[in-house]
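The values are calculated or read from the model by the stated rules, or taken from the named source; none is laboratory data. Quick caveat: nothing in here was measured; it's all calculated off a predicted structure. Cβ coordinates were reconstructed from backbone atoms using ideal geometry, including for glycine residues, and neighbour counts include every protein chain displayed.
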């Protein structure tokens, strides 16, 4: 196993920003992409942080990601818009869409912004964190390259489309749900494959439809939905809210982020609700605390156990890593430094 070093979040942000700038990004776009990637690492979601930087830069250099996109928002109503990402970096396009959705929600109480012609935007959690900091409730999702077969089928038609939900709290950890539609995310399977470790049974089937603990065989076979047909339905929902309603590409028309053949044509969506406008700050935050406290008052199933809400572990990770630094494999940190200096 590789050695690990801790790096200050601000230093990692600077390196990541410079890497994007050297790939042709303007300063503001480079800062937006770097902030989302480093926030993801701060939250402990290492599979979707700067670990993805090198592949993103490869796709930029291959001309598959537009380093200087002309992102255009088509307002359809005061609370509705379709955003065309012009094949830009996913985090850049998504950050622009989220900001637009929050602006519209402040003006109207609620907003829906759907996105076409984007690329891989990473985890949903950092967008949820940004929305919670702005005192907004967020529902979001993104399409992805084909990795899963329709329930009962064997052809890869749809991505492992993640869904996110976030709600702010007066203090302490915001509620942040970030879930792929598979039992386990492909990023976790790739990590186990790269480490030469087995994955739990049930995560995926091999190409012949047999259960396997080999992550490589699972990645080449059939990743399994959470809840069977229920996860399948949720994945289609995300595809409709993003790809279908945006007028963008959907299902198996979405490209592969691990190839340098074509722009991905990924679609996202952001639904933002202003809870303060809906209920008033005092009532909303009081009820939110009552809600969380009721959940956490449940007796733990195991001795010395703890009942957690989604986002609590990530919030603790942010606090710890802002203080102690973000742990990165030395090889990964070397790669980030190389990309920042090339």
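When you check residue 236 against the structure, is it surrounded by 13 or more Cβ atoms within 10 Å (Cβ to Cβ) and without any contact (Cβ under 8 Å) to a residue 24 or more places away in the chain, yes or no?
Taking the combined requirement at face value, the residue does not satisfy it.
Tell me which of these residue 153 doesn't satisfy, since it passes every other one: (1) without any contact (Cβ under 8 Å) to a residue 12 or more places away in the chain; (2) more than 28 Å from residue 242 (Cα to Cα).
(2) is the only condition that residue 153 fails.
Give me a count of the residues in region 148-189 that are surrounded by fewer than 21 Cβ atoms within 10 Å (Cβ to Cβ), out of contact with any helix residue (DSSP H, G or I) (no Cβ under 6 Å at 6 or more places or on another chain) and more than 26 Å from residue 320 (Cα to Cα).
8
Can you go through 245, 278 and tell me which one is closer than 23 Å to residue 128 by Cβ, assigned to a helix (DSSP H, G or I) and touching a strand residue (DSSP E or B) at 6+ places or on another chain (Cβ under 7 Å)?
Going through 245, 278 in turn, just one is closer than 23 Å to residue 128 by Cβ, assigned to a helix (DSSP H, G or I) and touching a strand residue (DSSP E or B) at 6+ places or on another chain (Cβ under 7 Å): 245.
Can you list residue pairs whose Cβ atoms sit under 7 Å apart, with the first residue in region 271-294 being without any contact (Cβ under 8 Å) to a residue 24 or more places away in the chain and the second being part of a helix (DSSP H, G or I)? Count only pairs 6 or more apart in sequence or on different chains.
As it stands, the answer is 284/275; 284/276, since those pairs meet every condition given.
(1) surrounded by 20 or more Cβ atoms within 10 Å (Cβ to Cβ); (2) within 25 Å of residue 178 (Cβ to Cβ): which one isn't true of residue 67, the others all being true?
Every condition holds for residue 67 apart from (2).
Which ones in region 301-318 are more than 20 Å from residue 163 (Cβ to Cβ), out of contact with any helix residue (DSSP H, G or I) (no Cβ under 6 Å at 6 or more places or on another chain) and surrounded by 12 or more Cβ atoms within 10 Å (Cβ to Cβ)?
316, 317
Going through 231, 218 one at a time, which residue ends up being modelled with pLDDT under 95, over 19 Å from the mean Cα position of the chain (by Cα), surrounded by 15 or more Cβ atoms within 10 Å (Cβ to Cβ) and in a helix (DSSP H, G or I)? So that I can check it myself, show each step before the final result.
Working: 231 fails: over 19 Å from the mean Cα position of the chain (by Cα).
Residue meeting the stated conditions: 218.
Quick one: residue 210 ticks every box in (1) within 19 Å of the chain's Cα centre (by Cα); (2) outside the structural domain of residue 86 (by TED's automatic domain parsing) bar one, so which box is it?
So residue 210 meets the others, but not (1).
Taking the condition of being under 21 Å from the mean Cα position of the chain (by Cα) and touching a residue at least 40 places away in the same chain (Cβ under 8 Å), how many residues in region 295-328 meet it?
Matching residues across region 295-328 total 15.
Hey, among 62, 30, 79, which residue is assigned by TED's automatic domain parsing to the domain that holds residue 96, more than 14 Å from the chain's Cα centre (by Cα) and either on the phi < 0 side of the Ramachandran plot or surrounded by fewer than 19 Cβ atoms within 10 Å (Cβ to Cβ) (or both)?
None of the others qualify; the one that does is 79.
Quick one: which residue in 23, 68, 9 is under 21 Å from the mean Cα position of the chain (by Cα) and more than 30 Å from residue 109 (Cβ to Cβ)?
Only one candidate qualifies: 9.
Just checking, which of 178, 172 is assigned to a loop (DSSP other than H, G, I, E, B), closer than 30 Å to residue 281 by Cβ and touching a residue at least 24 places away in the same chain (Cβ under 8 Å)?
When all the criteria are applied, what remains is 172.
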